[in-house]
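The structure under discussion appears below in the form of structure tokens.
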């Protein structure tokens, strides 16, 4: 019995010795041979680092780069990990700041949900690669700080600011609306194509999960990177812009206020879109000094941020007469070859409206060539009074319906934010303006609409689209600036839908087009004449009670199969022939590649004219 107890005791002691030895070996293995356990034991935080994708690039129609990404670095910090005894003077010297700025950037409103002493936040953004390289050599001396590579936008050419747009840091509202996609410090498109195609350009963020010790040092990848995800690049965009034409149009408009829009009629692709005054897009590259630049541009009375091509709503002037003529033909209220007597004015009862001196009018084409106010006053009245002088509502609403089909009175839908739709007044508008209890209104009351004045308002984009629709003999495509997306070498065309019909029969367009051709060959648009290219155009001089008249011109060329349609609007440009000169140069530049020596004098005249 005693022997059995002794044997059993021996077995128990051996078991405990073996178990203890095994535990000691495991501890030795984990703590000495396998350092991963020690590293994880020392880790105090698992940090999720966002991997930012490269934003999609933007090209012109010929593959010229318009917008690219420039690397910068953001310095992040975890407040609780900062060493109070670190060399602050060296830190500030490396990042070009003083101690006051250092304290302001480090100390946040800790009561705000945006900041936590235990979580990283951006201490300093957009550090240049050169400054970061010097800072990186000493990064180990600054516990709690680390860097993250980002990209900001830059432009190889200082053009197309209003088209390309710029990016900015997200606001709290952006973060709320994004449902978790954006975080403080992210960038977002703020204007132009950058804003309109934000979802396509921005790409998809990735993430990397890291283990850090109590000093903020990375000690390993969490779960060997199994939870990590790569960032996905954004789509590149092939735009419809022609870089050479855009650059030339901006040069011609330098020192002037107004807009230029050029469209390819067969597709609706916008070849050039200019608003002056504007700004160098590289000024809006995200940097530490951008705030002052934005402040200066925003307070500039010339409003360089205002896109006059799509946002400014102008009286169209006499370019509107082309549409009045087309609607009158379609509604069968004029004979295109009828004589019209113009004594130099138009009168009704005791009222008189002026007209410029010109030869006799024998046709609609003549009336367009000489821009006869008297002819179009009467023609517009014929449209409005078609159903009776005392019942102008139906006639005006019929006219307004045609204008809507030409793309007026509402945004055309170009892929730029902030497009305005102008104004095409209808009977409801005038019934409110001239109530029946006060006598109401009749066609003479609104007669100025017939020559593009009064309450008519159009954008320069809409005027260019009118030229495209006339050049196409009755239809147009939605104007657009993006042709295709590119991803992984795959080109994805962007559809703009079928052509939009104006409701005017093809039969009637030759009468108006002939008049527009005569404007250029023997009328007020002779400065747009090109000896080897048939240009059809229409001038407009818009009354301006605050100074010189505004000058406008629409055109397309070649006349039979147009490759370009455009509108030029120059505020306080004086006579409309000035706008015609700009249009003629742009047409020649686009169709021929350069300006002929015989027309260099015209180019110099426009370039040297400052308004």
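Run the paramagnetic zone check for residue 141: 7 angstrom along Cα to Cβ, then residues of region 74-93 with backbone nitrogen under 12 Å. Once the point is set 7 Å along Cα→Cβ of residue 141, 86-93 turn out to lie under 12 Å by backbone N, inside region 74-93.
If each DSSP helix of 4+ residues adds -39,500 (n - 2.57) and the sum is divided by the residues in the chain, what number results at 222 nm, nearest 500 deg cm²/dmol?
Details: 20 runs with 199 residues, N = 611.
Taking each H run of at least 4 residues, the total per residue is -9500 deg cm²/dmol.
On the basis of the beta-carbon distance and an R0 of 25 Å, residue 575 and residue 432 show a calculated FRET efficiency of 0.10.
The relative contact order of the chain, computed from alpha carbon pairs under 8 Å that lie at least 6 residues apart in sequence, is 14 percent.
Name all residues of region 506-522 having a backbone nitrogen under 13 Å from the label point set 7 Å from the Cα of residue 362 along its Cα→Cβ direction, giving them as ranges. The answer is none. How high is the relative contact order of region 328-431? Use alpha-carbon pairs under 8 Å, at least six apart in sequence, and give a whole percent. For region 328-431, the relative contact order is 19 percent.
If R0 equals 56 Å, the separation of the Cβ atoms of residue 103 and residue 607 corresponds to a calculated FRET efficiency of about 0.60.
Note on region 555-611 and region 50-91: Cα centroid distance 43 Å, given to the nearest whole angstrom. Listed from fewest to most Cβ neighbours within 10 Å, the set 541, 552, 609, 352 follows the order 352, 609, 541, 552. Between residue 345 and residue 80, the simple spin-label model (points 7 angstrom out along Cα→Cβ) gives 8.7 nm.
Across region 277-427, Cα-Cα pairs more than 19 Å apart make up 66 percent of the total. Label positions at residue 300 and residue 134, each projected 7 Å from the Cα along the C-beta direction, are separated by 3.2 nm. May I ask you to derive the FRET efficiency for residue 183 and residue 491 from their Cβ-Cβ distance with R0 = 35 Å, giving the value to the nearest 0.05? My answer for the efficiency is 0.60. Site pair residue 172 and residue 69 shows an inter-label distance of 3.0 nm when each label is modelled 7 Å from Cα along Cα→Cβ.
None of the figures in this text is laboratory data; all of them are computed from the coordinates on show. Just so it is clear, the structure is predicted and the values come from calculations on it, not from any experiment. FYI the Cβ positions are ideal-geometry reconstructions off the backbone, even for glycines, and counts take in every protein chain you see.
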